[in-house]
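This report concerns only the one structure given below.
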Amino acid sequence: MAAKYQDYYRILGIERGADETEVKRAFRRLAREYHPDANKGNKLLEAKFKDLNEAYEVLSDPEKRARYDSLQHDTFRNFTNVRESMRANAEGAAAAARAQAAHEEKAADATGSGFSEFFDSLFGSKRAAFNRQKKTQQRGDDRQVPVEIQLGEAFTGTRKTISAEREETCVACGGFGQQANAPCKVCRGQGTVSHRRQLEVKIPAGVRTGSRVRIAGEGNPGRHGGDVGDLYLNVTVKGHAYFEPQENGDILLELPLTPPEAALGIDVQVPTLSGRVMMKIPAGTQSNQLFRLRGRGLPRIKEKGNADQLVKVRITVPQTLTLEERDLYLQLGRMQRDNPRRSLI
Ligand SMILES: [Zn+2]
């Protein structure tokens, strides 16, 4: 989109060499003349007033004025000067001013500075600059790394050293992908290079299989000043010989008992993730009966404290018997009056 060249000196009706006082005086005089309050509904004067303000904004600011002055008029020779046509024909001038005003209104809507596109292209408007940046800025990709841990590590939390490929900004070309107007040889024009890197990561207590641990800022670098992505550790908790973690963080343990232990009751040592504990098995305990050891499971994720350990009884019967045992079982069998199948008959 071509911005129309704005001749600020002509708008103010002053020479290029005019000093600060002359700029101010010219502005004040014309501002009174063009002011919208004095010219309600006159679109041409409204547009002129807008131009006047823009001209004053630039020429009264030494920095902006120097920048404007440094422009060669012929840099903008492809831009039509609306004011030339305004002079030539009063009718045309009104139409041109209306067009210009409409055009600038549109431009102001789009960029937010309220001044002409020419002004924005020269000095930039904040929103235009933001949009430009937003368009080119690209957040770096997130990285996913699988991590396998032991159940005990899930219980206590752990640190792991992971080694994974990561994109890093190419040092040779500074991430631009170009060197001496040719694609960078180091990164083949990509701006990033793959780099295997070791990283120590902290895995919090209570993670489960399927948990994702986010390590902020360890993903791939962004492009054109975009944010760096994040690293996600996809956790798998390895299976355990006898602890069976449940979805809610409870830990299931199957506890084998002999028939006499189940019938008579026993104080038995039971392993937990935090060490052995003594557990009282009452007389007459049945197979599949569940006992709960409170707070002996995995740390809870959203609440405080720990889940529980569930102890499920399994009564085991010896597969081989000594003669003496066999004799005792026979005696026991003869003595037993309770029929366990009475509900089935
Ligand atoms: Zn490079």
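Tabulated results
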read-out: Residue pairs, from the table K24/K48; K24/K64; K4/K48; K160/K238; K4/K50; K4/K24, whose Cα atoms sit over 19 Å apart; value: K4/K24
read-out: Span per principal axis, largest first, for the Cα atoms of the range 288-345 (Å); value: 55, 33, 15
read-out: For the range 243-335, projected area of the alpha-carbon convex hull averaged over all directions, nm²; value: 7.1 nm²
read-out: Charge tally in the Cβ shell below 14 Å around H195, where Lys, Arg are +1 and Asp, Glu are -1, H195 excluded; value: 0
read-out: Percent of beta bridges antiparallel (DSSP, the range 143-237, rounded to nearest 5); value: 70 percent
read-out: All aspartates and glutamates inside 15 Å of K302 as judged from Cα atoms, apart from same-chain residues fewer than 8 positions distant; value: E247, D250
read-out: Net charge over other residues, Cβ less than 11 angstrom from the Cβ of T236 (K, R count +1; D, E count -1); value: +1
read-out: Reachable aspartates and glutamates, given that their alpha-carbon falls under 17 Å from the alpha-carbon of K185 and they are not under 8 places away in the same chain; value: E167, E168
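Coordinate-derived values only; no laboratory data. This one's a predicted model, so the numbers in the text were calculated from it and none came from an experiment. Positions of Cβ are backbone-derived with ideal geometry, glycine not excepted, and every protein chain shown enters the neighbour counts.
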